[in-house]
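Here is the structure we will look at.
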Amino acid sequence: VARPEYIHEYKLTPYSLYAAVATNIDTESIVRVLSSMSKNELPQSVSSFIRECTKRYGKAKLVLKHNKFFVESEHPNVLRELLRDPVIAQSRVSEEAVKVDSDGFVVQSAAVEMEENLAILDNHIDPDKMDDSDDDEEEDEEMY
């Protein structure tokens, strides 16, 4: 008995795999679920394609700080690989930092980074310079 309405067909592309990893689905989970749900054994070429496409996803991010873009990563080997590119290496900015590792990478905890980001926000949002339209609404409310 064939039931084609219960067959699901998926197209694996680098972008679809990126989308999966971006939603915190790890590589081995993708391979494991596909293997368990497939009618036939998952070809080695498919699992290799998945692993090859997802091995670098989410390892680095581009962050805007102080009107400058910075590349951040918890994986020093990814940063080293990026620095092999001549354009990226030429764009590297050295900063005076509290803690620098042996490769010259700035090492900072997420808590310290969060405090810095909050301080930046506090300095840029001045309550005295906020839009006066809220004050006008309050005055209108007081009049009635």
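Here Y57 meets each of (1) open to solvent by 70 Å² or more (accessible area, probe 1.4 Å); (2) closer than 30 Å to H8 by Cβ with one exception, condition (1).
Within segment 15-32, the set of residues being closer than 17 Å to A60 by Cα and either acidic (D, E) or loosely packed, with under 14 Cβ neighbours inside 10 Å (or both) comprises Y15, A19, A22, T23, N24, D26. Taken together, the residues in segment 50-89 that are among the charged types (D, E, K, R), part of a loop (DSSP other than H, G, I, E, B) and at pLDDT 85 or above amount to 2.
Scanning segment 1-14 for residues that are under 26 Å from A60 (Cβ atoms) and in a helix (DSSP H, G or I) yields one hit, P14. Looking at S35, S47, just one residue is in contact with a Ser or Thr (Cβ under 8 Å, 6 or more places away or on another chain), open to solvent by 50 Å² or more (accessible area, probe 1.4 Å), in a helix (DSSP H, G or I) and small (G, A, S), and that residue is S35. Scanning segment 59-75 for residues that are polar (S, T, N, Q) and either touching a residue at least 40 places away in the same chain (Cβ under 8 Å) or under 17 Å from I88 (Cα atoms) (or both) yields one hit, S73. Here E41 passes the criteria (1) loosely packed, with under 12 Cβ neighbours inside 10 Å; (2) assigned to a helix (DSSP H, G or I) except the one numbered (2).
The values are calculated or read from the model by the stated rules, or taken from the named source; none is laboratory data. Quick caveat, the model's predicted, so the values are computed rather than measured. In this analysis, Cβ positions are derived from the backbone assuming ideal geometry, glycine residues included, and neighbour counts consider all displayed protein chains. Please note that ligands, DNA and RNA were not included when accessible areas were found on the heavy atoms of the full protein model with its side chains. Shrake-Rupley method; radii C 1.70, N 1.55, O 1.52, S 1.80 Å.
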